[in-house]
Amino acid sequence: MPDLLSTALGAAERGWHVFPLRPRDKRPALHGETSCPGTGDCAAGHRKWEDRATTDPDRIRAAWSAGAFNVGLATGPSGLVVVDLDPVKAKDPKGTPDGATSLQALCERAGQTVPATYRTRTASGGHHLYFTAPDGVRLGNSAGKLGKHIDTRAHGGYVVGAGSALPNGAYEVVDPTGPAPLPEWLYALLTPRQPSRGLTAAPVPVRASRYAAAALRAETAAVAGAGEGVRNWTLVRSARALGRFIPSGDLARHEVEQALNSAGLRAGLRENECRAAVASALNWSIANNPGRPA
């Protein structure tokens with residue numbers, strides 16, 4: 001049986017804020033608002049589990065001395081974004097992908113690999129991928145935003161820490177690597193695009209199809225409105241999206257390059273960065289998107 005106090009203290013040493021969960025359960029072992037005694041931590045008003053999560057060793061020892069509590073990790077205060085890959089549910093239609101399969105497909109569409117980072121296996125057979133949150137960013141939780149059976153936990157959320165156990169299994173470390181920074185491309189997918197203000201619409205080539213013209217306007221606006229930290233990723237993604245219109249003749253390469261380079265400059269990227277990123281992304285897209293079949 002795992003030493004849950006040591007597990008909690010070990011998590012706190014990493015800077016992760018912990019709080020007790022009910023023994024062999026995922027629910028907090030803390031009183032709710034309706035039964036709050038108004039004493040101790042709650043003397044000035046009820047404090048929820050996220051507020052009471054701590055890295056203080058003395059408080060942790062005191063809490064876990066009362067029982068074999070599972071370990072809850074408050075992701076927001078811990079500076080973590082955890083990607084939760086769930087297994088297929090019994091009620092899911094045949095052929096429904098599990099979270100790991102959905103993430104693999106998401107990575108392939110983005111031209112990325114599944115990130116190497118701290119990873120645990122959950123009691124149900126799923127996985128938790130731990131990432132450090134970008135500085136100065138407050139991400140919330142999401143359910144299914146990235147794909148089928150993919151949830152995320154950040155501010156307002158928590159996960160069950162490795163070493164904890166449920167009746168159907170235990171939470172175990174699969175990859176002890178330290179948490180990697182949340183990849184820019186994942187961050188971009190978790191944040192809504194900011195509307196660009198005061199931007200001049202990209203010129204649309206005369207010969208462009210209606211769909212290609214709309215795509216050019218949308219992608220250049222996305223690049224121009226991208227914030228710091230995701231600008232380069234957005235530029236590459238947009239170039240790859242527009243590059244597929246070049247082999248078919250719907251857009252001319254020089255027109256796409258001009259529009260994207262201009263949008264990248266408006267977003268605050270340097271000219272040499274824009275040109276290199278756009279050229280590389282277009283080359284990739286053209287190689288992977290042949291022209292219209294005869």
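Residue-by-condition table, conditions (1) more than 22 Å from A170 (Cα to Cα); (2) without any contact (Cβ under 8 Å) to a residue 60 or more places away in the chain:
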residue: E13; (1), (2): no, yes
residue: G32; (1), (2): yes, yes
residue: R52; (1), (2): yes, yes
residue: F69; (1), (2): no, no
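The selection criterion, being small (G, A, S) and either touching a residue at least 24 places away in the same chain (Cβ under 8 Å) or in contact with a Pro (Cβ under 8 Å, 6 or more places away or on another chain) (or both), holds for A100. Restricting the first member to the stretch 243-270 and to residues that are under 17 Å from A218 (Cα atoms) and modelled with pLDDT under 90, and the second to residues that are of a type in the set (D, E, K, R) and buried (at least 19 other Cβ atoms within 10 Å of the Cβ), the beta-carbon pairs closer than 7 Å and six or more apart or on different chains are A267/R231.
Scan the stretch 120-134 and give yes if some residue there is over 30 Å from F69 (Cα atoms), touching a residue at least 60 places away in the same chain (Cβ under 8 Å) and surrounded by 13 or more Cβ atoms within 10 Å (Cβ to Cβ), otherwise no. There is at least one residue in the stretch 120-134 that is over 30 Å from F69 (Cα atoms), touching a residue at least 60 places away in the same chain (Cβ under 8 Å) and surrounded by 13 or more Cβ atoms within 10 Å (Cβ to Cβ).
For every residue, the table says whether it meets (1) aromatic (F, W, Y); (2) modelled with pLDDT of 95 or more; (3) within 11 Å of the chain's Cα centre (by Cα).
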site	(1), (2), (3)
A123	no, yes, no
G126	no, yes, no
R138	no, no, no
N141	no, no, yes
A154	no, yes, yes
S164	no, yes, no
P167	no, yes, no
A170	no, yes, no
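Of all the numbered requirements in (1) assigned to a loop (DSSP other than H, G, I, E, B); (2) at pLDDT 85 or above; (3) crowded, with 17+ Cβ neighbours inside 10 Å; (4) of a type outside the set (A, V, I, L, M, F, W, C), T177 misses one, and that requirement is (3). Tally the residues that are more than 19 Å from T177 (Cα to Cα) and either assigned to a loop (DSSP other than H, G, I, E, B) or among the hydroxyl-bearing types (S, T, Y) (or both), restricting the search to the stretch 133-163. Looking only at that region, the number is 20.
Can you pull out every residue in the stretch 118-132 that is in a loop (DSSP other than H, G, I, E, B) and closer than 27 Å to A241 by Cβ? Matches in the stretch 118-132: none. Among the residues making up the stretch 250-285, those that are out of contact with any Lys or Arg (no Cβ under 8 Å at 6 or more places or on another chain), aliphatic (A, V, I, L, M) and outside any loop (DSSP other than H, G, I, E, B) are V256, A259, L260, A263, L265, A276, A277, V278, A279.
The values are calculated or read from the model by the stated rules, or taken from the named source; none is laboratory data. This structure is a prediction, so every number in the text was calculated from the model and none was measured. Positions of Cβ are backbone-derived with ideal geometry, glycine not excepted, and every protein chain shown enters the neighbour counts.
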